[in-house]
Amino acid sequence: MAVRAQQAGSIQSQPDSAFFPSLGIFQQRLFSFYEQTPGQVLFHPSSGYSLSQLEMARSQGNWRTLQQPEKSTKYQISSTGVSQVNQFKVWGDFRYTRRQEDSVGWRLRPEQNDVSPYYLANIQPGNWDTHDYQLKGAAGVRVSDHILLVAGARLQTGTYGRYNDPRPEISRYRLRLEGGIGYSISSASLVLSGIYGYGEETNKVSYQNQMNRSEGRPTYTAQDVMGYGFYRVVTETGINLREDLKIKGAAAVVQVGNINVTYMYQQKERDYSREIPVSGDISPYSPIGDVTQNEHCLVSSYQWGKTAVQRLAGLEFQSVSVKDFNRRIIQGNNYLGTHRTATLSYDEKRPAWEYGLSLNLRRDSRKDGTAAVNYLVQTARLQAEASKRINVGGNFLQVNGHVGYRTDVGSKLTIGSQYNEFMRGVVLPDFAYYSSGLLEPGMGLGYGVKVKNVLLVPTLGYQWQKPMSVKAVPGTAYQLGQTRSTYWVQLNVHL
């Protein structure tokens, strides 16, 4: 979902150690600043909490692009927490997510927002059923008054499939390891760590009706997308794609009092190849292209105030640049992409209520040399949210509300060559969708009940999206709708 989980607030009469202290929007934001890299684990604001969550969310509406589902249902089980044992501090997060999506066209990969320009696609809309597992963990220890050691790992694995011709069957495995050393003196600390990771993903496409794979049925044929406008019809007998991933990078964390500054750099090499079926047991791979993805992430936060009124200011900046080398046709570079986002935020927590303000600036640039596409979307988004707790006997009622508004700040699109089907079905609707003015109000309602040493908080939430101004894009193959709504049901269990 586009919004953070709406959860209830802590019971005023209980100390932080008795109940999970991040039930409100203030601690949700605060904790998120300290869960970017294992180097932050020793500075995590909580000395101990545990949250398990069951969630069902449903989105529907025609305010979408063709690569997004008309209807989507998410089922998620998650558990996260921090524990302090002597000099050791441990943070962990596990989540299993199942998504059922229908009417998704022009992509045969699980995520629409993947920045890589290499993937299989198909015009015909289809239905997806995906299963995704993510496990994250980090630990830190003070080996002396000044020396710190940290280590962590992140694992993602899953299976993803579509149940309409053509039918991709995707398996994924990604692992990232990180370890480092730090030095602490007085109230200042510095931690430096290295990052290494690898992974692979295979996508094998099949047809239940073999007649659909003929060129006489163009809506069912698969395409090799190799840019943002450049693609070709797959003519090989085997329709499949393999991605081999390598990750390297580094991170630095500086903690001075209540100020935390974290910088992380990652370079991801994503190599793509096509498996060519042959007789016997050997199936060689033919290179398609290589994608180099450089990521820079800066996160900074400052917390101040007394017990009655706590304040938090934050800055988040992320830059992702993507460049390819096409080995299949061009034998050179075709695609350049840059994705940058910056968010300024302010949150305040009082005994009975809390609120937050944030401003997000986004810039998304994509250039396809072969198709002569120059795409630039620049937007600004302002969001305000508030939460009010109402005591009901020994329990409480939590009411949350938020409203966001996005506006265009200089988006533009130029296409130098004749429009192809990808431009009409993907590029033009994308530009209209992501550059439009957008209003996003929503609310949540939770009820907190203490059962022995467990706090149960069932929560209902709803969000509505309404475009306020949409750019005209003549020649598009898909007209955007007018609304989209999302509702969710959660059961939060705090130990």
task: Take the stretch 105-188, drop everything but the C-alpha atoms, weight them equally and run the Debye formula without solvent; then report log10 I(q)/I(0) at 0.11, 0.13, 0.14, 0.19 Å⁻¹ to two decimals.
output: -0.51, -0.60, -0.64, -0.87
field: Size of charge dipole - the stretch 14-494 - debye, nearest 20, with Cβ of Lys, Arg +1 and Asp, Glu -1, no other charges
entry: 780 debye
task: Whenever you get a sec, compute what percent of the accessible area on the chain sits on carbon and sulfur atoms (1.4 Å probe).
output: 56 percent
- prompt: On average, how much accessible surface per residue is there in the chain, in Å², for a 1.4 Å probe, leaving out ligands, DNA and RNA?
  reply: 44 Å²
field: Convex hull volume per residue in cubic angstrom - Cα atoms of the stretch 276-411
entry: 208 Å³
- line: Cβ-Cβ cut-off under 13 Å around LEU382, Lys and Arg +1, Asp and Glu -1: the net charge is +1
query: When only C-alpha pairs under 8 Å and at least 6 residues apart count, what is the relative contact order of the chain, in percent?
result: 14 percent
- prompt: For THR414 and LEU315, FRET efficiency with R0 = 35 Å and r from the beta-carbon atoms, rounded to 0.05?
  reply: 0.60
- line: For THR292, the net charge from surrounding residues (Cβ-Cβ under 14 Å; K, R +1; D, E -1) works out to -1
field: Rounded FRET efficiency, nearest 0.05, which uses the C-beta distance separating ALA372 from THR73 and R0 of 30 Å
entry: 0.15
- prompt: When each pair of different Cα atoms in the stretch 364-445 is counted once in the 1/r mean, what is the Kirkwood radius in angstroms, to one decimal?
  reply: 15.7 Å
- line: Semi-axes a, b, c in Å (a largest) for the stretch 14-494, each sqrt of 5 times a Cα gyration tensor eigenvalue, come to 40, 27, 22
Simple spin-label estimate for LYS466 and PHE94 in nanometres, 7 Å along Cα-Cβ: 4.3 nm
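The values are calculated or read from the model by the stated rules, or taken from the named source; none is laboratory data. It should be emphasised that the depicted structure is a prediction, and the values quoted were computed from it without experimental measurement. Please note: Cβ atoms are built from the backbone with ideal geometry, for glycine as well, and neighbour counts cover all protein chains shown. Ligands, DNA and RNA are excluded from the accessible area calculation, which covers all protein heavy atoms including side chains. Shrake-Rupley method; radii C 1.70, N 1.55, O 1.52, S 1.80 Å.
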